[in-house]
Amino acid sequence: MTGKNKFGFGTLDPSPSPRRERSVGPMGAAVREAAESLQQSTEAKVEQRRRNAADAKAFRVAQDEGRILVDLRTTEIDTDDLPRDRLELDQVAVSEEMEELKASIRARGQREPIEVYLDARGRYQLKKGWRRLTALTQLFQETGDTAFLTVTARIEGTDDGTAPDRVSRYVDMVEENVIRQDLTFAEMAQVAISAARDPLVEGEDAEAMVGRLYASLHKMKRSYIRSFVFLLTELDGAVKWPKAISRNTGVDLARMLKAQPERTGTLRRMLEACVSEDQQTEEIAGFLSYGQKLRKDGAKTAARPQRREKYELAIGSLKVTARDGECRIVSKRDFTVIPRDRLERAVRLFEEALKDTPPIEPRIKPLDVE
């Protein structure tokens, strides 16, 4: 079969004819560009919204975790909710260390933020950074520079939206100073005592509170703190300079009072009468020395097979005979010529010296019996 039809024409070429290109006019080009620009703008806005949402979520997480720093006025922050972990705050406020901190802030600004939380009234309460806040307050009072009215702070946050328990705030307060070894054992003990007495903390005594507040410390250090807790609790405010008591002295005192509880009242009266830190140190040293002597004498007495019914000794011109319930003093002196008040005073000193107390001669002028 041929490829021609009856009219003698060959078959037509089946390939399509080339399409004529149509040029885009000015209006079409403008519409196309507007459409492309709108699409790109929409995609950019969608991406920006996605980023904003991610940033907002990250911010909320950081805020809940207390990682957001804000600038607050120092006058917005109260310090009366948590008892401070430092004793003798007035002395710390005027110490050389405070002056050094102020010089650093004056030269370089505040380098470390403080930490605060909101109380039930909606007021900011200080949790960490008492020295920094105090330094800024003092600098404003001294210079009048309003730059020192602003403090950088981290606001307490929580992962679950609920406020941390009271003990956690105590732990946060002492954590920094404990790590820096900037607290004495007396100060750490006082925090435990204050936390145990806090009406918002339930079911913990002071010694048990040590385990919660200082769980990160070695058990030996916690033992030292418990010794100071016992000491400060038993003496009930009689220690006027607790920071002056060294670790070993505090542990020895606590051990002695546990072994000889009847002497607690004597030590309390001695410390209440102290008028200086040096005198307190001397009184404690004398108390410990006398207590050790009593223990040794008691051990010797316990080792004796039989108790003597009496013994005699001579002191100068005096002859003393001692027996159960009787102490007889024989002398050539006529005691009737000694004024009654002087004789009574001598007897009172004699009676006081026989009690379980350290020697009192260094604190009381001896009588003139010549």
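The values are calculated or read from the model by the stated rules, or taken from the named source; none is laboratory data. All of these numbers come straight from a predicted model, not from anything done at the bench. We place every Cβ from the backbone using ideal geometry, glycine too, and count neighbours over all the protein chains shown. Each accessible area value is taken on the protein alone, full model and side chains, heavy atoms only, with ligands, DNA and RNA left out. Shrake-Rupley method; radii C 1.70, N 1.55, O 1.52, S 1.80 Å.
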Original post:
Listed residues Leu267, Leu271, Leu257; which is of a type outside the set (Ser, Thr, Tyr) and in contact with a Ser or Thr (Cβ under 8 Å, 6 or more places away or on another chain)?
Top reply: Leu257
Original post:
If you scan the range 214-234, which residues turn out to be outside any helix (DSSP H, G or I) and open to solvent by 40 Å² or more (accessible area, probe 1.4 Å)?
Top reply: Ala215, Ser216, His218
Original post:
Only one of (1) surrounded by 11 or more Cβ atoms within 10 Å (Cβ to Cβ); (2) closer than 27 Å to Leu200 by Cα is not met by Asp80, so which one is it?
Top reply: (1)
Subject >> Cβ-Cβ under 7 Å pairs, at least 6 apart or on other chains, the range 261-281 side without any contact (Cβ under 8 Å) to a residue 40 or more places away in the chain and surrounded by 12 or more Cβ atoms within 10 Å (Cβ to Cβ), far side among the polar types (S, T, N, Q) and in a helix (DSSP H, G or I) >> reply: Leu271/Gln280; Cys274/Gln280
Original post:
Restricted to the range 322-337, and to residues that are basic (Lys, Arg) and under 14 Å from Tyr311 (Cβ atoms), which residue is least open to solvent (accessible area, probe 1.4 Å)?
Top reply: Arg323
**OP:** With respect to Tyr214, determine if the residue is under 19 Å from Arg86 (Cβ atoms) and over 14 Å from the mean Cα position of the chain (by Cα).
**Re:** no
Original post:
Within the set of pairs 6+ apart or on separate chains, which have a first residue in the range 95-107 that is under 12 Å from Thr143 (Cβ atoms), a second that is modelled with pLDDT of 90 or more, and C-beta atoms under 7 Å apart?
Top reply: Lys102/Ala135; Lys102/Gln138; Lys102/Leu139; Ile105/Ala135; Ile105/Leu136; Ile105/Leu139; Arg106/Leu139
**OP:** Go through the range 145-173 and give me each residue that's at pLDDT 90 or above and over 20 Å from the mean Cα position of the chain (by Cα).
**Re:** Asp145, Thr146, Ala147, Phe148, Leu149, Thr150, Val151, Thr152
Subject >> Test set (1) more than 20 Å from Gln91 (Cα to Cα); (2) open to solvent by less than 50 Å² (accessible area, probe 1.4 Å) - Arg197 fails condition number >> reply: (2)
**OP:** Kindly list the number of the only condition in (1) among the hydrophobic types (A, V, I, L, M, F, W, C); (2) assigned to a helix (DSSP H, G or I); (3) touching a Lys or Arg at 6+ places or on another chain (Cβ under 7 Å) that fails for Val116.
**Re:** (2)
Original post:
When the residues of the range 237-260 are filtered to those that are under 20 Å from the mean Cα position of the chain (by Cα) and not hydrophobic (A, V, I, L, M, F, W, C), which remaining residue is least open to solvent (accessible area, probe 1.4 Å)?
Top reply: Gly250
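A quick yes/no check of all residues on (1) acidic (Asp, Glu); (2) under 30 Å from Trp241 (Cα atoms); (3) modelled with pLDDT under 85:
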residue: Val46; (1), (2), (3): no, no, yes
residue: Asp64; (1), (2), (3): yes, no, yes
residue: Asp81; (1), (2), (3): yes, yes, no
residue: Glu96; (1), (2), (3): yes, yes, no
residue: Leu118; (1), (2), (3): no, no, no
Subject >> Failed condition for Arg19, given (1) modelled with pLDDT under 70; (2) not in a loop (DSSP other than H, G, I, E, B) >> reply: (2)
Original post:
Take the residues of the range 90-144 that are open to solvent by less than 40 Å² (accessible area, probe 1.4 Å), among the charged types (D, E, K, R) and farther than 17 Å from Glu176 by Cβ: which is farthest from the chain's Cα centre (by Cα)?
Top reply: Lys102
